[in-house]
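Chemist: Below you'll find the structure I mean.
The values are calculated or read from the model by the stated rules, or taken from the named source; none is laboratory data. Keep in mind it's a predicted model, so treat the numbers as computed, not measured. Neighbour counts run over all protein chains shown; Cβ positions are idealised from the backbone, glycine included. Heavy atoms of the whole protein, side chains included, go into the accessibility calculation; ligands, DNA and RNA do not. Shrake-Rupley method; radii C 1.70, N 1.55, O 1.52, S 1.80 Å.
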Amino acid sequence: MAQSQQPLTGKRVACLAADGVEDVEYTQSRAAAEQAGAEVHLISLQSGEIQSMNQDINPANHYRVDRTVSDADAADYDALLLPGGTVNPDRLRMNPQAMDFVRAFFQQQKPVAAICHGPWSLVETGMVNGRTLTSFPSLRTDIRNAGGNWVDQQVQADNGLVTSRSPSDLPAFCAKMVEEFAQGQGVRRMATA
């Protein structure tokens with residue numbers, strides 16, 4: 001692909017992940033953004049490295065953290081990527097700074113993409129109310145209880161929010177993520193009742 005044809009050239013993407021991130025969800029979605037021309041930074045809870053997993057229980061690889069969430073500012077990024085794995089988003093949602101970071105992308109109306117258990121952060125921040133999204137099936141009740149409309153689809157886009165179910169949906173997720181990030185139209189605020 002020619003440099004001038006890369007749809008994310010000049011864009012910066014924050015990938016928020018912690019120990020326990022599902023390796024393939026992190027690596028494939030990050031690679032898709034980078035191959036489309038984006039500069040991607042791994043943001044995490046602590047400096048150093050994070051440990052990824054395969055199928056939640058098998059240690060996979062270590063990845064260098066570019067910035068801690070306490071040093072990161074959503075204003076410095078054009079989009080947010082939330083890979084899954086069960087442990088990763090569970091750790092993130094227990095960290096108020098990480099949840100403030102996620103919430104800031106919605107407040108600044110920037111695109112957000114979350115796969116598998118990644119939408120747990122969206123539930124925790126109150127950002128699913130009135131939105132249609134998908135996730136790993138075990139999150140459907142959490143999403144519905146938070147006011148979201150859960151659908152069982154490979155990929156779902158709702159006003160700049162891209163969600164997907166599992167690693168098997170990565171090709172569709174990555175393609176839609178790049179498309180939405182390229183458009184740059186972020187998640188719009190939902191009308192409150």
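Chemist: Which percentage, to the nearest 5, of the DSSP beta bridges contained in segment 1-63 is antiparallel?
Modeler: 40
Chemist: Mind running the shape call on segment 22-100? Use the C-alpha gyration tensor, a ≥ b ≥ c as the square roots of the eigenvalues: rounded below 1.5 for a/c, prolate if a/b tops b/c, oblate otherwise.
Modeler: oblate
Chemist: Under 5 Å between amide H atoms, partner at least 5 residues away or on a different chain: which partners does A60 have, H built in plane at 1.01 Å?
Modeler: S52, M53, N54
Chemist: Something else now. Let me have the 222 nm mean residue ellipticity of the chain computed from DSSP H runs of 4+ only, each contributing -39500 (n - 2.57), with the sum over all residues rounded to the nearest 500.
Modeler: Numbers: 6 runs with 57 residues, N = 193.
It comes out at -8500 deg cm²/dmol, rounded to the nearest 500.
Chemist: Still on this model: Name the longest site-free stretch of the chain, where the excluded sites are trypsin sites (Lys or Arg not before Pro) in a DSSP loop with no more than 14 other beta-carbon atoms within 10 Å.
Modeler: The answer is 1-187.
Chemist: Also, I was wondering about something else. How large is ³J(HN,Hα), in whole Hz, for each residue of segment 14-22 in order, when computed from phi with the Karplus curve 6.51 cos²θ - 1.76 cosθ + 1.60 and θ = phi - 60°, using x for Gly and Pro?
Modeler: Karplus values, whole Hz, x for Gly and Pro: 8, 10, 8, 8, 9, 3, x, 4, 5.
Chemist: Same structure again: Nearest 5 percent is fine: what portion of the DSSP beta bridges confined to segment 102-193 is antiparallel?
Modeler: Of the beta bridges lying entirely in segment 102-193, close to 40 percent run antiparallel.
Chemist: Here is a follow-up. Would you mind telling me which residue in A33, A72, A98 has the biggest mean-square fluctuation in a Gaussian network model of the chain, where springs connect alpha carbons within a distance under 10 angstrom?
Modeler: Per the Cα network of the chain with a 10 Å cutoff, A72 tops the list.
Chemist: Hey, another quick one. For the chain, give me the percentage of DSSP beta bridges that are antiparallel, rounded to the nearest 5 percent.
Modeler: Within the chain, antiparallel bridges account for around 30 percent of the total.
Chemist: Is the C-alpha gyration tensor of the chain telling us rounded, prolate or oblate? Criteria: a/c under 1.5 is rounded; beyond that, a/b larger than b/c is prolate, otherwise oblate.
Modeler: Rounded, because the longest to shortest axis ratio a/c is under 1.5.
Chemist: Quick one: pull the percent of accessible area on the chain belonging to carbon and sulfur, 1.4 Å probe, ligands and nucleic acids left out.
Modeler: Roughly 43 percent of what the probe reaches on the chain is carbon or sulfur.
Chemist: Using the Karplus curve 6.51 cos²θ - 1.76 cosθ + 1.60 with θ = phi - 60°, what ³J(HN,Hα) values do you get for each residue of segment 125-142, in whole Hz, with x for Gly and Pro?
Modeler: Once θ is set to phi - 60°, the couplings for segment 125-142 become 8, x, 9, 9, 4, x, 9, 9, 8, 10, 5, 4, x, 5, 8, 4, 5, 4 Hz.
Chemist: With springs only between Cα atoms under 10 Å, which of L161, L80, L139 fluctuates most in a Gaussian network model of the chain?
Modeler: Highest fluctuation among the options: L139.
Chemist: Then there's this: From the phi of every residue in segment 160-175, what ³J(HN,Hα) in whole Hz does the Karplus formula 6.51 cos²θ - 1.76 cosθ + 1.60 yield, where θ is phi - 60° and glycine or proline is x?
Modeler: x, 9, 10, 10, 8, 8, 6, x, 5, 9, 4, x, 5, 4, 4, 5
Chemist: Search the structure for amide H atoms under 5 Å from the amide H of L82, placed 1.01 Å from N in the peptide plane, and list their residues when 5 or more places away or on another chain.
Modeler: A113, A114, I115
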